[in-house]
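Take a look at the structure set out below.
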Amino acid sequence: MSINGYWLGLLYRSGVNGKTMSRYPARGIADWLLMWAQSNEAPISNHKLQQLLYYAQGRFLGDTGNPVFEDEIEAWPQGPVVRSVYRAFKKYGTTAIDADDQVGDDFTWSEYSDVEEHLVRVWNFYAPYEEWVLRKMIYHDPLWKEAFKRDPKCRIISKEKMRECFSGRR
């Protein structure tokens, strides 16, 4: 990991001015999911990556009360989207993202050891589903529906509402 990555990771884990912050940037969690997909020989598209990020965030909020990443999740017509991650992989369209090409050489599994168990659980539960099945699940999710019905300029899915909704799910 680069020195800048080290300090960014430390900042995300410790917080600023007493405010609890997420553990990682969304792109870091996306990189972990891409590398995990590659290690399991399971191609993953940008759309499915977005779905997995949604469930990773929701489940982590529900289990710990804290976000696993700070980036906002928006309700787009095709489902939940972390805008910065979507843009990073937009060029792949509906095809599988090439993890070797997109994940930096400084990626290490050990950097994510404190959330690995959580991410593996999310992967094991949601990744076996086809994208269209996950999309149907999300379209029936009250969080996404509520956010999508609001003003198109502000369709943020609230972390507080995610925490409340996912806290009872198993």
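The values are calculated or read from the model by the stated rules, or taken from the named source; none is laboratory data. Because the structure is a prediction, the values reported are computed rather than measured. Every residue, glycine among them, receives a Cβ derived from its backbone with ideal geometry; neighbour counts consider all protein chains shown. Ligands, DNA and RNA are excluded from the accessible area calculation, which covers all protein heavy atoms including side chains. Shrake-Rupley method; radii C 1.70, N 1.55, O 1.52, S 1.80 Å.
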### Message
Suppose we filter the range 57-80 for residues that are open to solvent by less than 10 Å² (accessible area, probe 1.4 Å) and more than 14 Å from the chain's Cα centre (by Cα); how many remain?
### Response
0
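Rundown of residues vs (1) modelled with pLDDT of 95 or more; (2) touching a helix residue (DSSP H, G or I) at 6+ places or on another chain (Cβ under 7 Å), yes/no style:
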| position | (1), (2) |
| --- | --- |
| SER2 | no, no |
| GLY15 | no, no |
| ARG23 | no, yes |
| TRP32 | yes, yes |
| ILE44 | yes, yes |
| ALA56 | yes, yes |
| ALA75 | no, yes |
| GLY79 | no, yes |
### Task
Taking the options ARG87, ARG23, ARG27, ARG83, name whichever one is of a type in the set (Lys, Arg), open to solvent by 30 Å² or more (accessible area, probe 1.4 Å) and under 20 Å from SER167 (Cα atoms).
ARG23
### Message
Is it the case, given these coordinates, that ARG27 is basic (Lys, Arg) and modelled with pLDDT of 95 or more?
### Response
yes
### Message
Any residue in the range 45-69 that is of a type in the set (Gly, Ala, Ser) sitting within a Cβ distance under 6 Å of a residue that is open to solvent by less than 10 Å² (accessible area, probe 1.4 Å) and assigned to a loop (DSSP other than H, G, I, E, B)? List the pairs, counting only those 6 or more apart or interchain.
### Response
ALA56/VAL68
